[in-house]
Each structure stands twice: as structure tokens, then as C-alpha cells.
Amino acid sequence: MSPRRQRLPKKQRALEVLARLKRLYPDATCSLDYETPVQLLVATILSAQCTDERVNLVTPALFARFPDARAMAEADLSELETLVRSTGFYRNKAKNIQGACRKIVTDFGGEVPQTMAELTSLPGAARKTANVVLAHAFGINAGVTVDTHVKRLTNRLGFTKHSDPKKIEQDLMKLIPQPDWENWSIRLIYHGRAVCNARKPACDRCELADLCAAAKLSPPSEAISEQSSTPIA
Ligand code: SF4
């Protein structure tokens with residue numbers, strides 16, 4: 001981190017990162033395909049340990065066969081399992097999807113509830129899933145979505161020291177203004193995919209490098225060392 005940026009208080013640094021992310025990824029949005037809140041809930045449950053691209057390959061047939069909570073609630077479980085199989089952990093995911101949809105039908109009149117407490121009472125829906133659904137289906141910023149990218153990047157950027165998503169979320173809620181909570185996560189996810197990947201972060205072309213606690217930049221180097229080794233005529 002450059003000395004000037006290093007002196008910035010953490011909150012100011014976070015706001016500068018947020019501003020740059022907005023500039024870098026102006027059109028960032030949830031990359032799961034869905035048409036209704038319940039479809040977003042189901043797609044988010046399927047996205048655990050799976051890429052959004054894979055989920056988007058599976059959901060057209062799934063939603064064509066079982067388009068709403070009632071249809072999912074009454075589905076034959078083995079058919080549901082077959083339809084979601086390629087997303088991994090399919091038995092558990094199918095069970096949770098059906099359990100969540102049954103509860104939506106029995107307790108919430110067939111509509112996805114719009115509070116954190118109600119959403120996290122559904123099988124398979126922890127805070128991450130609830131945050132995604134509240135933000136993208138209803139425009140409610142109830143928390144900060146912490147997935148694997150957000151966890152990795154916020155640690156590297158030095159905004160948290162925790163590995164527990166709940167604690168990371170608490171740290172981020174103190175640093176980022178509430179209207180930007182989902183903005184923050186979705187754009188960090190884009191940056192994680194495009195630049196700061198898990199195995200090989202591309203710090204040399206990262207526009208956050210001067211703000212990042214973990215930036216590993218190549219020495220400014222060859223030009224200078226070549227110059228200095230050039231014999232003086
Ligand atoms: S400087 Fe490197 S570690 Fe930091 S956010 Fe950018 S790519 Fe990731």
C-alpha cells in the first residue's frame with residue numbers, strides 16, 4: 001500500500017474502494033437468472049458451492065417444470081433431485097428447496113417473506129441467501145452478502161481479520177453505508193472473478209492496489225535496472 005493511502009483511516013479507505021468498484025463495474029448485478037422472488041431464492045440455494053453459470057444452466061428446466069412455491073412444495077423429490085443434480089450436493093439442495101417452498105406455502109401464503117428473521121427461518125436459507133433475496137428481489141439492504149469472494153477480498157483489503165462470514169458482515173456493516181451494502185458485495189464479487197482470484201491475484205493490474213493491505217506488486221524494475229546497468233560511455 002502506498003504510504004499516502006496507508007495513512008487513510010479504514011472507513012475512508014473502504015469508501016474509496018467502493019467508489020472505484022462502482023466506476024469499474026457500473027452495471028454489476030446479480031448474475032443468477034430468475035423472474036420471481038421464489039425463483040431467486042431457489043437459484044441462490046443452488047448456488048452454494050457452485051458457479052452461477054452452472055446454476056443458470058439448470059434453472060430454465062427446473063422453473064419450467066416447477067414455476068412457483070406451490071409447485072416446488074408438491075414436487076416429487078426424486079424428480080427435483082434429478083433436475084438440480086449437476087449443481088452438486090443435490091440431495092440436500094432439493095430437500096431444502098422443497099422444505100423452504102412448503103414453509104412459504106404454509107406460513108407465508110405462497111409468497112417469499114421480506115424480513116431477515118422470516119427468511120432465515122426457511123430451510124437452506126442462511127443470512128447470505130436472505131441478503132441476496134432481500135436486496136435483489138425486494139430492494140431491501142438488510143445486511144452485507146458475504147460469499148467466498150467477499151470473504152477473500154475483504155480479508156486481503158484489510159477490512160476484516162475474521163473468517164466467519166457473520167463476523168465479516170458485522171465489520172463491513174460498520175464500514176459501508178447501508179444503501180451500498182449490496183452494491184459493495186456484488187461489485188467485490190465481480191472484482192474477485194476478474195482480478196483478485198483465489199490462487200493468483202493480479203495485483204499488478206489491480207485498480208485497488210494502492211488501497212490494499214495484501215497488494216503484491218512486481219518491483220518497478222526492468223527499465224530501471226537496465227538503465228542502471230548500462231555502461232556509461
Ligand atoms: S491488490 Fe491484489 S490482493 Fe489486493 S485486491 Fe487487488 S488483486 Fe486483490
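Would you pick out the residues in region 162-200 that are within 12 Å of the ligand (Cβ to nearest atom) and either out of contact with any Leu (no Cβ under 9 Å at 6 or more places or on another chain) or of a type in the set (A, V, I, L, M, F, W, C) (or both)? Leu188, Arg193, Ala194, Val195, Cys196, Asn197, Ala198, Arg199, Lys200 - these are the residues of region 162-200 that are within 12 Å of the ligand (Cβ to nearest atom) and either out of contact with any Leu (no Cβ under 9 Å at 6 or more places or on another chain) or of a type in the set (A, V, I, L, M, F, W, C) (or both).
Taken over region 178-213, the criterion of being small (Gly, Ala, Ser) and farther than 18 Å from Gly139 by Cβ is satisfied by Gly192, Ala194, Ala198, Ala202, Ala209, Ala213.
Total residues in region 84-114 satisfying the condition of being part of a loop (DSSP other than H, G, I, E, B) and touching a residue at least 12 places away in the same chain (Cβ under 8 Å): the figure is 6.
Can you tell me how many residues in region 32-60 are closer than 27 Å to Gly109 by Cβ and in a helix (DSSP H, G or I)?
So the first thing to find is which residues in region 32-60 are closer than 27 Å to Gly109 by Cβ, and the list is 32-48, 55, 59-60.
With in a helix (DSSP H, G or I) added as a condition, the list becomes 37-46, 55, 59-60.
Summing the residues that are closer than 27 Å to Gly109 by Cβ and in a helix (DSSP H, G or I) in region 32-60 gives 13.
Gln98 meets each of the listed conditions (1) surrounded by 16 or more Cβ atoms within 10 Å (Cβ to Cβ); (2) outside the structural domain of Ala125 (by TED's automatic domain parsing) apart from (2).
How many residues, within region 105-129, are under 23 Å from Ala61 (Cα atoms), under 24 Å from the mean Cα position of the chain (by Cα) and of a type in the set (A, V, I, L, M)? So the count comes out to 2. Kindly indicate whether Thr59 is under 21 Å from Ala135 (Cα atoms) and either at pLDDT below 95 or not assigned by TED's automatic domain parsing to the domain that holds Val133 (or both). Spelling it out, it is not the case that Thr59 is under 21 Å from Ala135 (Cα atoms) and either at pLDDT below 95 or not assigned by TED's automatic domain parsing to the domain that holds Val133 (or both). Going by what's in this entry, would Phe159 be described as within 22 Å of Lys93 (Cα to Cα) and either away from the ligand (no atom under 16 Å from the Cβ) or surrounded by 20 or more Cβ atoms within 10 Å (Cβ to Cβ) (or both)? No, not satisfied.
The values are calculated or read from the model by the stated rules, or taken from the named source; none is laboratory data. The model shown is predicted, which means the values in this text are computed figures rather than measured ones. Note: ideal-geometry Cβ built from the backbone for every residue, glycine included; neighbour counts use all protein chains shown.
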